[in-house]
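Written below as structure tokens is the structure these notes are about.
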Amino acid sequence: MKNLEFTKVIKTGPSNKPKQTKIHIPQLVGPLIDRLSITVPLPSKYHDDARKALSNLHLEANPKLSPKTAAKLAQDEGVTIGPKGTYKRGFKFRGKDQDGNLLDTAFLLQADPGTGTKNFYRFEWNPRLFGPGNLESTKVLLSSVIPDGWSRVVMHGRITRLDVAFDLTKVDVNDLVLRGVRPQKFGLYVGADGRIETIYVGNPKGSHICAYDRMKAIKGNGSKEPIPEIGPVTRIESRKVGAQIPVKNIKDQGNPFKKVKVYSCSQKDLTFGIRKHWPAFRDMCQVRGFHRAMKAISKHSRKSIKGSLDNLRPSWWDEELNWSKWEDEIVKQQLLDPLPTDPPLDFVD
């Protein structure tokens, strides 16, 4: 994937004079694991010991402290304690940067469900923001409350939510058309300025693929994530909900982006014959979906538009090539790496 070169004005030196400098940024970054939820079962014979370990989790640093004081100190260290949803116990472990400062992102641990139909443990975090270093520290904490530690997560855990994303620099979501390989639900979210912010292919409340204005999303949710001032950034993201993927098989996860075709179509890219009709057709695709939009126009126009679109598949969107780096992301995030003190991965209950 080619790198894009941008010229940026910065202030350097004792006189703080503006100076132009060139920065190199890849046009496509990914795949990135942007959200991960895992549930882990636990045989009932371990439940009482696990509950006791969870109760003592925030007291380990200084057992002489009262639970209230220990909880306050834990929160200062980035650990928030309390019931979470349908689980009786919940902990949030905030990550730290290289200087030891607390990050906004956190690792959520839920345990001891109120009903017998749920797995005993549930985890949720953003591996991209949390980072493998913070995950390793969290694995140490979890080893005190989960029999067999992270090894149990790998061998018995199930992924119930998996978000995987690609970030595209200098690509405007308003120029994109997403076409499902088969007819399916389609939708979009438009801002007050009339510009598209998010395009959905699939069920927005379930598993789907979406493309959205990444810069606007960062500003809108108040994130402190740095925003590169280089123009539009679009994220294309697969969100798989209720998947029940075994954690140990995450590397074998099929390519979800094969379900859509992506076209990047600005006015200047189009042949003259369809240029005057393009804004109306693009809007129809983004509102009603590609398949419905094609049925709404004449067969003659349908043929010319489809032929033009086939020539507008962007060089940066190759589903197979992009997905070939999936295993590298798994290794980078250390999702399948147990702690050295954990038992081997072939244990059984």
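The values are calculated or read from the model by the stated rules, or taken from the named source; none is laboratory data. Since the structure is predicted, the reported quantities are computational estimates derived from the model, not experimental observations. Glycine gets a Cβ as well: all are built from the backbone with ideal geometry, and neighbour counts include every protein chain shown. Protein only, heavy atoms only, side chains kept; ligands, DNA and RNA dropped before computing areas. Shrake-Rupley method; radii C 1.70, N 1.55, O 1.52, S 1.80 Å.
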- Got at least one residue in the range 239-256 being surrounded by fewer than 20 Cβ atoms within 10 Å (Cβ to Cβ), farther than 19 Å from Leu176 by Cα, modelled with pLDDT under 90 and among the acidic types (Asp, Glu)? no
- Among the residues of the range 161-183, is there at least one that is touching a Phe, Trp or Tyr at 6+ places or on another chain (Cβ under 9 Å), surrounded by 16 or more Cβ atoms within 10 Å (Cβ to Cβ), basic (Lys, Arg) and at pLDDT 85 or above? no
- Hits in the range 186-201 (condition: in contact (Cβ under 8 Å) with a residue 60 or more places away in the chain and open to solvent by 40 Å² or more (accessible area, probe 1.4 Å)): Phe186, Leu188
- What is the number of the single condition among (1) open to solvent by less than 10 Å² (accessible area, probe 1.4 Å); (2) under 20 Å from the mean Cα position of the chain (by Cα) that Arg158 does not meet? (1)
- Query: In the range 284-306, what residues are in contact (Cβ under 8 Å) with a residue 12 or more places away in the chain and of a type in the set (Ser, Thr, Tyr)?
  - Reply: Ser301, Ser304
- What are the residues in the range 132-152 that are part of a helix (DSSP H, G or I), farther than 25 Å from Glu237 by Cβ and of a type outside the set (Asp, Glu), if any? Ser137, Lys139, Val140, Leu141, Leu142, Trp150, Ser151, Arg152
